Structure formats: C-alpha cells, structure tokens
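Reviewing the structure listed below.
Every number here is computed from the coordinates shown, using simple stated rules; none is lab data. Computed from a predicted structure; not experimentally measured. Every residue, glycine among them, receives a Cβ derived from its backbone with ideal geometry; neighbour counts consider all protein chains shown.
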Amino acid sequence: MKIEYYLPANILTNADLEKQYENWSAAKIEDKIGIRERHLAANDETALDMALKAATMVLDGSDRQLVDFILFCTQSPDYYLPTSACILQDKLGLSTHIGALDMNLGCSGFIYGLAMAKSLILSGVASNVLLCTAETYSKYLHQNDHANRSIFGDGAAAVIIDKDDVSRIYEFDLGTDGRGMGNLIVPVGGARRRAGGLKEPLQEDPSRCLFMNGPEIFNFTISTVPLLYSRILQKNGLKIDDIDYVIFHQANKYMLEYLRRKVNIPKEKFHNDILHYGNTVSSTIPIALKDCMSTGIIKKGQKILLVGFGVGYSWGATVIEI
Amino acid sequence: MNKSEFIRGLKDILECEDIDLNEETNLKELACYDSLAVMSVIAFLDEHCGKNLSAAQLSAVTTVRDLMNLADICR
C-alpha cells in the first residue's frame, strides 16, 4: 500500500497561540494535548489543492491510467457541486473511464475509505483505487476559539489500493450514532441553515464556526472505542499479541494515552504522536502509517490495527497487513 | 475510593499545587479548571468511579462536593 501525505507550508506554533490568548500556556498544550505545531492551509489553498499534491506524490512512478476509481474523503469540499473527486480526476489527468466519489466523513474517514476500496475491488467494480483524505478545519474555526485552534491542523494523504493490498485488509467493524451530530458540527452553510445574508467573514461569526463539545466527544470516545477495539480483534480472530502495532485516530495525546491504558495495549505497540501535525482529521491514520513505515517502526508483513472515531458520530476499525 | 482520596486525586489531575482543595471549593473559579482539566475529570471519574458524566451534568458542577455527589459510588 503506497501512501504519501502533504502538509501546507504555514505553521502555527504553541508559542504563536500563547501570544494570542491570555492564560493559554504553550507548555500545557504540548504536555497535555501533545501538539507543538500544526500546519494551516493558505487562504487560497483548499482541501482539494492539498489532496492533489498528496495524490501527485503517490502516483509518481506509477502508470496513473491504471487508477480506475477515486475516493475523496473531505468535509471541506471546493463546492457543493460538482463533486470534488471529479475535479481531482481532471487535475490528475486520469482516465475519464473511472469512477469518482466524495465521502463526507471526518476522523473515521480513512477506515471507511479502506472499506469502500476493498468493497469496490472485491465486487469487481474497480482494480486500483486512489483514496485521498484532506481537511481544512482551520477555515471553520472562530478566531477566538483557542481550544480548537490548538487541536486541529490541516493536511492531506493519498493511498493507492490494489487487489494485492485488498488481500491484506481484514474484516471491518463500522458504527454510527447520529445522536452525536450536535457535538462536533459546523451548523451554518448547508441546507439546514443557509449562510445567505449573514456577515462575512465566517471566522468572525461564532454561530457559523465549528463547534465541538469536548467533554461529550471525550465521553463518546471512552465509551465507544474500547468496545470497538475488542470487537475488531474478535471479528478477525486475533488477540493483541497477534498485532504488531496499533494506530488509533490521532485526536490528542491525553485521550489516546487514556484509551491505551483502558484497553491495555503495551506502550511500545501504540502510536501516539501528533506533535508536529495536530489533529488532521481523516488524515491522521495514513500520516501515522506513512511515518511508521518510513522510520521502520512498522515493517512489511506486520499486522496493524487501525481505529477511527469522531464526528457524526462515526467510527470504524480494521486490521491490515503491511 | 473515600472522600479524602477523591480530593487528593482531583488535586493531582487539576495540577493546582497552590490551592487548598476541599469540598466547598468552587471549581469554576479556579484558573486551572479549564477545558483540559474537564477532560481529566471525565477520565478520573471513568477510571476510579466507573461514572460516565454528560457534558450537561459537568457544566452543572460548581463545587467539589457537587462532583462528589455525581460520583456517588465513591462515597
């Protein structure tokens, strides 16, 4: 499975945040949340632009005409219509005889992307799937929202999945609970509450910005993820001893460490690193995978357990063999 | 977990070294009781008291005693 990622050039550091917000400590952000800096898309740089860069890197050296399906996971599309994946097809110079689809998911997006890719390939609909994840949550944040501006970073990842990769993607466990919809939401701009007539710019009007109910999200995570973790092992007939490495969606260091202890995963098998990226939503897992493969933390043939969870609420898990 | 263990544990997670934390302490008036502290409180109650409090229940908490009442299995 070939993976590449792209991070935008602008960097917002904890020191920058400390200067902007009274009583917000850079040391505390790094110590508790585990983030020192996060990359932010430029004003004129969209999720699609970033996905294009990641996809170009992942297709380098390959015959891009072999790609016969694009899955683009984003909650920051260029337009309501047309589909951003269609635009990607054109910008990448891919064949017009391919499928292209946007997926509106956040932190569970990469897992769902793998599930969709596996399904498309096993059903014979596709043979080589380009899965892109890309997000610019920074553009949804209010300028005074120090908490979320500390947490979220922008970024994109691209993965090529073929028949050979699919033979090494195990069973999935997916879940959804729409009762959590209000706990991580951009309430204005869609069909439910249109933005027309409201003042610009978006980031000065809190009612139009991203809202996250941190305590409820944390509650959801600590009640859902341990059960998901147990189920995915059971579904695949595996125990933690059979797993070489575990990558949960990289939300924040404190939450991840709490989950690790709660389900008893050995520290050396558990990924917990968003120091230089922040929470890049659907890209946290592929970025972690790429980093771990590049540094040799995970090696060919190893079994990696992946768990994504968040906005929706939506969650999913699977096991892959690298 | 008894009352003094609860208060001791709470003091640790809130990282308020110079505060004399007791049942009457108004948590909302503490500078250290921020969004990160609330996350720690949720984890503390989950791990030590088996309690999963909603955001609404937590936002109704003012004093340490309010928190202890919500975690009533820790009496």
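Normalised by the number of residues in chain B, what is the relative contact order in percent for Cα pairs under 8 Å and 6+ residues apart? Walk me through the intermediate numbers first.
Values: 66 pairs, mean separation 31.8, N = 75.
The normalised contact order for chain B reaches 42 percent.
Considering only A:L256, A:L238, A:I160, whose Cα is most displaced toward the positive end of the charge dipole of the protein assembly as shown, charges sitting on Cβ of Lys, Arg (+1) and Asp, Glu (-1)?
A:L238
Out of A:G93, A:L228, B:L30, whose Cα points farthest toward the positive end of the dipole of the protein assembly as shown (charges: +1 Lys, Arg; -1 Asp, Glu; placed on Cβ)?
A:L228
Among the chymotrypsin sites (Phe, Trp or Tyr not before Pro) in the range A:67-171, which ones are in a DSSP loop with at most 11 other Cβ atoms within 10 Å of the Cβ? Mind listing them?
A:Y79, A:Y80
Give me, ordered by chain and number, the residues 5 or more places off A:M103 or on other chains with an amide H under 5 Å from its own placed amide H.
A:F72, A:C73, A:T74
So, R0 is 51 Å and r is the distance between the beta-carbons of A:S62 and A:R194; what FRET efficiency does that work out to, to 0.05?
That gives a FRET efficiency of 0.75.
Where in the range A:204-220 does the amide nitrogen come within less than 14 Å of the point 7 Å from the Cα of A:N144, taken along Cα to Cβ?
A:204-209
Tell me, what is the FRET efficiency for A:K163 and A:N104 to the nearest 0.05, using R0 = 25 angstrom and their Cβ-Cβ distance as r?
With R0 = 25 Å, the Cβ-Cβ based efficiency is 0.40.
Only four residue types carry charge here, +1 at the Cβ of Lys and Arg and -1 at the Cβ of Asp and Glu. Report the dipole size of the protein assembly as shown about the Cα centre in Debye, rounded to the nearest 20. List each step's numbers first, then the result.
Details: 40 positive and 51 negative charges, 181 e Å.
Once rounded to the nearest 20, the dipole reads 880 debye.
Work out the mean other chain Cβ neighbour count within 10 Å for the residues of B:35-41 and drop it here as an integer.
6
For A:D177 paired with B:I13, estimate the spin-label separation in nm (one decimal), with each label point 7 Å from Cα along the Cα-to-Cβ line.
So the two model labels end up 1.9 nm from each other.
How large is ³J(HN,Hα), in whole Hz, for each residue of the range B:58-65 in order, when computed from phi with the Karplus curve 6.51 cos²θ - 1.76 cosθ + 1.60 and θ = phi - 60°, using x for Gly and Pro?
Result, rounded to whole Hz: 5, 6, 7, 6, 10, 9, 4, 5.
Quickly rank A:116-125, A:156-165 as a protection proxy: mean count of other C-beta atoms within 10 Å, highest first.
A:156-165, A:116-125
Please report the base-10 log of the normalised intensity I(q)/I(0) for the range A:80-233, using a Debye sum with one equal scatterer per alpha carbon and no solvent, at each q in 0.14 (1/Å).
The Cα Debye sum returns log10 ratios of -0.92.
For A:N10 and A:R231 in one chain, what is 0.36 nm times their gap in residues minus the Cα-Cα distance, to one decimal in nm?
Gain in length upon complete extension: 75.6 nm.
Return the FRET efficiency for the residue pair A:Y79, A:D205: r is the Cβ-Cβ distance, R0 is 22 Å, and the value is rounded to the nearest 0.05.
Calculated value: 0.55.
About the Cα centre of the range B:4-52, how large is the charge dipole given +1 on each Lys and Arg Cβ and -1 on each Asp and Glu Cβ? Please answer in debye to the nearest 20.
Here the size comes out at about 200 debye.
Would you kindly derive the ³J(HN,Hα) couplings of the range B:35-44 from the backbone phi angles with the Karplus curve 6.51 cos²θ - 1.76 cosθ + 1.60 (θ = phi - 60°), listing them in order in whole Hz, with x for Gly and Pro?
Values per residue, Gly and Pro as x: 5, 5, 5, 4, 4, 5, 5, 4, 5, 4 Hz.
Per-residue HN-Hα couplings for the range A:177-192, Karplus 6.51 cos²θ - 1.76 cosθ + 1.60 at θ = phi - 60°, whole Hz, x for Gly and Pro?
8, x, 5, x, 4, x, 8, 8, 7, 9, x, 10, x, x, 5, 5
Residues with amide H under 5 Å of A:K2's amide H, sequence separation 5 or more or different chain, H placed in the peptide plane at 1.01 Å from N; which?
Residues meeting the amide H criterion: A:I160.
Are there trypsin sites (Lys or Arg not before Pro) in the range A:226-322 that DSSP puts in a loop and that have at most 10 other Cβ atoms within 10 Å, and which ones?
Within the range A:226-322, the qualifying trypsin sites (Lys or Arg not before Pro) (loop, at most 10 other Cβ atoms within 10 Å) are A:K239, A:K300.
Which far-off residues, 5 or more places away or on another chain, put their amide H under 5 Å from the one on A:N128, with H placed in the peptide plane?
Amide H neighbours of A:N128, under 5 Å, 5+ apart: A:D68, A:F69.
What percentages make up the Cα-Cα pair-distance distribution of the range A:137-190 when the bins are 5 Å wide from 0?
4, 11, 14, 14, 16, 15, 13, 9, 3, 0
With a cap of 16 neighbouring Cβ atoms within 10 Å, and only residues DSSP puts in a loop, list the GluC sites (Glu not before Pro) found in the range A:1-89.
Passing sites in the range A:1-89 are A:E22.
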